Amino acid sequence: CLGDQGHPLQLYDAVVGGRSVATPGTVKLLWDTHQKYGKLEWKKIIQPVITLAEQGFEVSPRLASLIEKDTKRLSRFPATKAYFFNPDGSPKTEGTLLKNPEYAQTLTAIAEQGAKAFYQGDIATDIIKTVQNAPGNPGVLAQPDFDAFQIKQREPVCAAYQSYDICGMGPPSSGALTVGQILAITEQYDL
C-alpha cells in the first residue's frame, strides 16, 4: 500500500485505517446463504446477538489484558477508544460490563430488512464516511462498491493430510494453499 508521496507505508500504517478496508462481505454472505439454505427465521437467528450487544458482557481477564497491551492502536480511532476505554482514558478492566448499543441497532436493522439494510442507506453511508475519513490513512471505499458487491462461490482448495482432506478457500485467497503446503512439509513428522 502506497502513501500520498508514492512510497510504501510501514506495515502498521498499511494494515490499520481506511486504506486497508475492502467492501465488507460477511453480511451479504450470511444473508445469501440463509436465503438459499436457511430453515430458521432470519430474525430469530440474529436475536441472541442483539440481546448480547444490548445487555453486554463482562470483560474477561484475557480481554482486559489485550486491551491494555493494545492501548496505542485501540486509542487511535474514536469509536474503538470510546468502546474499550473509560472516559478518563484508562482501559476497561476485568469485570467491566461492555455494552454495544450501536451494534445492536445495526443488527436489528439487518434482522428486520436483511442485507439491504447494511449495503444501502445509513449503515453503508456511515461505514463509507468512516473509511474515507480515517485519520492518517483514509480509504477509497464508496457507495458503488457496496452496490456492486456480490458473493462469489468458488471451488475449495483441498490438501490430503494423513487420512484427512483439509479444505479451505480457493484463490484469490491464499490461506488454503499455504496450509496445504505446510501440511505437505510436516506430513513426514508424527504430529
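Beta carbons closer than 6 Å, at least 6 apart along the sequence or on distinct chains, pair a first residue in the range 76-98 that is not assigned by TED's automatic domain parsing to the domain that holds Ala134 with a second that is at pLDDT 95 or above and basic (Lys, Arg) for Phe84/Lys92. Count, please, the residues in the range 68-101 that happen to be part of a helix (DSSP H, G or I) and either touching an Asp or Glu at 6+ places or on another chain (Cβ under 8 Å) or of a type outside the set (D, E, K, R) (or both). Summing the residues that are part of a helix (DSSP H, G or I) and either touching an Asp or Glu at 6+ places or on another chain (Cβ under 8 Å) or of a type outside the set (D, E, K, R) (or both) in the range 68-101 gives 9. Pairs linking a residue in the range 113-141 that is surrounded by fewer than 17 Cβ atoms within 10 Å (Cβ to Cβ) to a residue that is of a type in the set (D, E, K, R) and part of a helix (DSSP H, G or I), with Cβ atoms under 9 Å and 6 or more positions apart or on different chains, are Gln120/Asp147; Gly136/Asp13; Pro138/Arg19; Val140/Arg19. Considering only residues that are closer than 30 Å to Ala22 by Cα and among the acidic types (Asp, Glu), look in the range 146-189 and name the one that is surrounded by the fewest Cβ atoms within 10 Å (Cβ to Cβ). Per the criteria, the residue is Glu155.
Yes or no, residue by residue, for (1) basic (Lys, Arg); (2) exposed (fewer than 15 other Cβ atoms within 10 Å of the Cβ); (3) farther than 24 Å from Lys129 by Cα:
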| site | (1), (2), (3) |
| --- | --- |
| Thr26 | no, yes, no |
| Gln55 | no, yes, yes |
| Leu63 | no, no, yes |
| Ala79 | no, yes, no |
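Part of a helix (DSSP H, G or I) and within 19 Å of the chain's Cα centre (by Cα), is that true of Ala134? Taking the combined requirement at face value, the residue does not satisfy it.
Just so you know, in the range 28-52 the residues that are hydroxyl-bearing (Ser, Thr, Tyr) and more than 19 Å from the chain's Cα centre (by Cα) include one that is surrounded by the fewest Cβ atoms within 10 Å (Cβ to Cβ), and it is Tyr37.
As a summary of the residue check, Gly18 satisfies the conditions (1) surrounded by 14 or more Cβ atoms within 10 Å (Cβ to Cβ); (2) over 23 Å from Pro144 (Cα atoms); (3) touching a Ser or Thr at 6+ places or on another chain (Cβ under 8 Å); (4) not polar (S, T, N, Q) except for the one numbered (2).
The values are calculated or read from the model by the stated rules, or taken from the named source; none is laboratory data. Since we're looking at a predicted model, the values are computed, not measured. Glycine also receives a Cβ, built like all others from the backbone with ideal geometry; neighbour counts cover every protein chain displayed.
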